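Rule-based calculations on the coordinates, nothing more; no lab input. The structure presented is a predicted model; accordingly, all values stated were derived computationally and were not measured. Don't worry about glycine lacking a Cβ; one is built from the backbone with ideal geometry, like all the others, and counts go over all protein chains shown.
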């Protein structure tokens, strides 16, 4: 099984066949992760640099763990405390790292398009771990894997993406993936946090009524409010946001049906999601975390060009 791309820059660039290959491979690696010995030699002698220009906890740890499980050699680079703070350019930084014979680069950057820029200038395989407000492809893939496990596939599943759609790279990657794979998507949140063009660009529906979205969907993927990316006031207060758009146990009980609750993290408890919902039996948030390692193992393995997976 081979991907029709050298890099993972975004879901936008993937064919449905590529998405399915990644999900199938991730399922194989998830089986490996259930064994007493979780490490395989699939990427032995492959050197991977984790190039994070933006703060990250879950994504970075997940990639590092995936690399270790595959027996890769890893280099961890953080922009703070590096030559970047002294004025070194992105291309100079990466060329210096590549001179150390690096095979793959996992990159997170606050600038939209930064991984695409690198892919045009260096020979290593690039994996986008989140760029600006553009895409976060491995998050969408792990979300898709989690939904597939619950429903036996993606086709026909009704997914509501709720919250800050405007500033969310998770939302964009999920919209690309779910619509390519035959799921139905509705976006919900305040009008100020949903781009006006969205229904002209994608086959999705929009509602500003959260209960309406929840009554319709099988899965609610709840996004955090990204205050750090907002340069103007887009809603009155976090308390009022919670009252109008937050997901509470009372709200879910009023639906008279069970839906699956997802969240890419970090959760703003008491804002977009109440704790008794995040920690409930309807939540698959910890499943998402577990699937994240398997998905990232699959992406790293498939982009490495190795012919056989070790099992």
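The Rg/Rh ratio for segment 160-214, using Cα coordinates for both the radius of gyration and the Kirkwood hydrodynamic radius, is 0.92. Exposure proxy for 301, 208, 53: other Cβ atoms within 10 Å of each Cβ, ordered fewest to most, give 208, 53, 301. For the pair residue 209 and residue 24, a Förster radius of 35 Å applied to the C-beta separation gives a FRET efficiency near 0.40, rounded to the nearest 0.05. Fraction of C-alpha pairs exceeding 17 angstrom in segment 1-100: 65 percent, rounded to a whole number. Within the chain, the percentage of alpha carbon pairs spaced more than 24 angstrom apart rounds to 52%. Note down the nm distance, to one decimal, between modelled labels 7 Å out along Cα→Cβ at residue 38 and at residue 110. Between residue 38 and residue 110, the label points sit 3.2 nm apart.
Here the residues 59, 5, ranked from fewest to most Cβ neighbours within 10 Å of their Cβ, fall in the order 5, 59. A crude spin-label estimate for the pair residue 12 and residue 201, with each label 7 Å from Cα along the Cβ direction, gives 0.7 nm. Its relative contact order, with pairs defined as Cα atoms under 8 Å and 6+ residues apart, puts the chain at 21 percent. Arranged from fewest to most other beta-carbon atoms within 10 Å of their beta carbon, 198, 247, 37, 162 become 37, 198, 247, 162.
Segment 250-266 and segment 163-193 have their alpha-carbon centroids 17 Å apart.
Projecting label points 7 angstrom from Cα along Cα→Cβ for residue 150 and residue 99 puts them 4.9 nm apart.
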